[in-house]
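The values are calculated or read from the model by the stated rules, or taken from the named source; none is laboratory data. Predicted model, so just to flag it, every value in this text is computed and none were measured. Cβ atoms come from the backbone with ideal geometry, glycine included; neighbour counts cover every protein chain shown. Side chains are part of the model used for accessible areas, which takes the heavy atoms of the whole protein and leaves out ligands, DNA and RNA. Shrake-Rupley method; radii C 1.70, N 1.55, O 1.52, S 1.80 Å.
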Amino acid sequence: MKDINIEDQFQAKIDAEIKIEPKDWMPDEYRKTLIRQISQHAHSEIVGMLPEGNWITRAPTLRRKAALLAKIQDEAGHGLYLYSAAETLGVARIDMLNDLHSGKAKYSSIFNYPTLTWADMGTIGWLVDGAAIMNQIPLCRCSYGPYSRAMIRVCKEESFHQRQGYEILLTMMKGTDAQKRMVQDALNRWWWPAISMFGPNDAESPHSKQSMAWKIKRFSNDDLRQKFIDVTAEQAKILGVTIPDPELKWNEERGHYDFGQINWDEFWEVVKGNGPCNRERLEARRQAWEEGAWVREAATVYAEKKARKNQEAA
Amino acid sequence: MKDWPLWEVFIRSKQGLNHIHAGSLHAADAEMAIENARDVYTRRNEGISIWVVESKHVKASNPEDQGALFDPADNKIYRHPTFYVLPDELKHM
């Protein structure tokens, strides 16, 4: 009897917008979905540092370099908030890291594309952070308390990321023809991967319905993508660049932009591990983990030694 | 290798306010936990003081006991000032 009711009670809490906290009862599938989503999100923040890290030493001015460093440091922080949130669901940090390093866990495919020019730093801030913010704002109201709290912190910090990116592009668009071409080239390469960040079309997204019912997710992939395109198309005009989609056109009747078909074959290839940088990214993460092993060990031994000394002194 | 333990982080945002739970992190010892908490939770002047406590030392009440624990306060409306009926002309009380 109790078992039948407990799931209904859980759903009633969700429907009443009461947050679920770590020690509360929850369906196994809710827990599993959250562990998967939050850990993937954390991995994305951590792997997301790599494409930008590529440009720290080559930032054009000290101002740009300080901002880029601060942005990347924020991403490390966001990864850590999210790993902690996932841990409240009973998964160990080390298991999540092992799953990332073995290739079992996924992270956002956008980070498997290379950053070829400085304009890519601007474009990532504008489009990639822009899409991430669009995705993350509804997650601030996610039904799981620790995830929601982490997302509130992330969103507060992330608004500067998009602005710094757009400012980089604005500055370049006031520059030489070569700089303008560089911006357009970066947009041409990042546009389609960026709008793919919202995930497969709703019809191909089997978990979406349950996630919406559990209020983990608040808007569908296609709704968020449309919202992003509507906003971004206007921002492109201000910048004076052309979005590389011949079918992109304002539709008066719908009150939205129409746009072309995403190449889903490419999307799934990258998800499967065959994007331009998948191997490089994972290799960089593994290498960082392995080369940091002696630091982790030394800190553990030092902490034990200090604890022993304190005990002897007491 | 042993995993670094988990620590709960509490931040006082300014003088005169309580330390409030900010989140958690892993660190080898308390000193490192404070240093990491500085970098993870106070990158934008969010704090002037940090407490850390190893998560295993936190004992939490059980959500299933919520009723038994907190119900007794439900029917004690005389603990609130509005319970007492006083004349309107009485000011500042």
Original post:
So how far apart, in nm, are the two label points at residue B:91 and residue A:311 if each is 7 Å from Cα heading toward Cβ?
Top reply: 6.7
Subject >> All-pairs alpha carbon distance profile, the range B:1-58, 10 Å steps from 0, percent >> reply: 26, 53, 18, 2, 0
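Just how large is the dipole of the range B:1-52 about the Cα centre, in debye to the nearest 20, putting +1 at every Lys and Arg Cβ and -1 at every Asp and Glu Cβ?
Details: 6 positive and 7 negative charges, 57 e Å.
Roughly 280 debye, rounded to the nearest 20.
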Original post:
For the range A:174-235, what log10 I(q)/I(0) values come out of the Debye formula at q = 0.14, 0.16, 0.22, 0.26 1/Å, with one point per alpha carbon and no solvent?
Top reply: -0.54, -0.64, -0.91, -1.08
Original post:
If you build the Cα gyration tensor of the range A:234-306 and take the root of 5 times each eigenvalue, what three semi-axes come out, in whole angstrom, biggest first?
Top reply: 48, 18, 11
Original post:
Counting each DSSP H run of 4 or more residues in chain A as -39500 (n - 2.57), what helix-only mean residue ellipticity at 222 nm follows after dividing by all residues, to the nearest 500 deg cm²/dmol?
Top reply: -21500 deg cm²/dmol
Original post:
Which value, in debye to the nearest 20, describes the size of the charge dipole of the range B:24-93 about its Cα centre when Lys and Arg Cβ atoms bear +1, Asp and Glu Cβ atoms bear -1, and nothing else is charged?
Top reply: 160
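For residue A:32 and residue A:15 in one chain, what is 0.36 nm times their gap in residues minus the Cα-Cα distance, to one decimal in nm?
Working: separation 17, 0.36 × 17 = 6.12 nm, distance 2.00 nm.
Extra length available between residue A:32 and residue A:15 comes to 4.1 nm.
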Subject >> Members of A:32/A:272; A:106/A:237; A:104/A:305; A:104/A:217; A:106/B:59; A:65/A:156 lying beyond 27 Å, as alpha-carbon distances in this model show >> reply: A:106/A:237; A:104/A:305; A:106/B:59
Original post:
Where in the range A:15-65 are there GluC sites (Glu not before Pro) that are in a DSSP coil and have at most 14 other Cβ atoms within 10 angstrom of their Cβ?
Top reply: A:17
**OP:** Mind jotting down a quarter of the surface of the convex hull over the alpha carbons of the protein assembly as shown, in square nanometres, one decimal?
**Re:** 30.0
Original post:
Along the charge dipole of the protein assembly as shown, which of A:238, B:48, A:278 sits closest to the positive end, that is, farthest toward it, with unit charges on the beta carbon of Lys, Arg, Asp and Glu (+1, +1, -1, -1)?
Top reply: B:48
Subject >> Label-point separation in nm, residue A:8 to residue B:65, each point 7 Å along Cα→Cβ >> reply: 2.9
Original post:
Under unit Cβ charges (Lys, Arg +1; Asp, Glu -1), what dipole magnitude, rounded to 20 debye, does chain A have relative to its Cα centre?
Top reply: 1100
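Give me the net charge for the shell around residue A:29: Cβ to Cβ below 13 angstrom, other residues only, Lys and Arg +1, Asp and Glu -1.
Working: positive: A:31, A:32, A:36, A:209; negative: A:7, A:28.
Once all neighbours under 13 Å are counted, the net charge is +2.
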Subject >> Surface share of carbon and sulfur [accessible, 1.4 angstrom probe, percent] for the range B:1-58 >> reply: 53
Original post:
When the gyration tensor of the range B:52-93 is built from Cα positions, what are the square roots of 5 times its three eigenvalues, in whole Å, from largest to smallest?
Top reply: 39, 17, 4
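Would you calculate a helix-derived [θ] at 222 nm for chain B, using -39,500 (n - 2.57) for each DSSP H run of n ≥ 4 and dividing by the full residue count, to the nearest 500? Kindly include the intermediate steps, with their values, before the conclusion.
Details: 2 runs with 17 residues, N = 93.
Taking each H run of at least 4 residues, the total per residue is -5000 deg cm²/dmol.
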Original post:
Chain pair A, B: how much accessible area is buried, both chains summed, with a 1.4 Å probe, in Å² to 100?
Top reply: 1800
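So, for the range B:1-58, what is the accessible surface per residue at a probe of 1.4 Å, expressed in square angstrom?
Ligands and nucleic acids excluded, the figure is 60 Å² per residue.
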Original post:
Out of the range A:28-131, which trypsin sites (Lys or Arg not before Pro) are coil in DSSP terms and have no more than 12 other C-beta atoms within 10 Å?
Top reply: A:104
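If you add up the charges near residue B:51, with Lys and Arg at +1 and Asp and Glu at -1, over every other residue whose beta carbon is less than 11 angstrom from its beta carbon, what do you get?
Details: positive: B:12; negative: B:8.
Around residue B:51, the charge tally is 0.
Against the empirical 2.2 N^0.38 Å scaling, what ratio does the C-alpha Rg of the range A:140-295 come to? Working shown, then result.
Details: Rg = 18.8 Å, N = 156, 2.2 N^0.38 = 15.0 Å.
Here the answer is 1.26, to two decimals.
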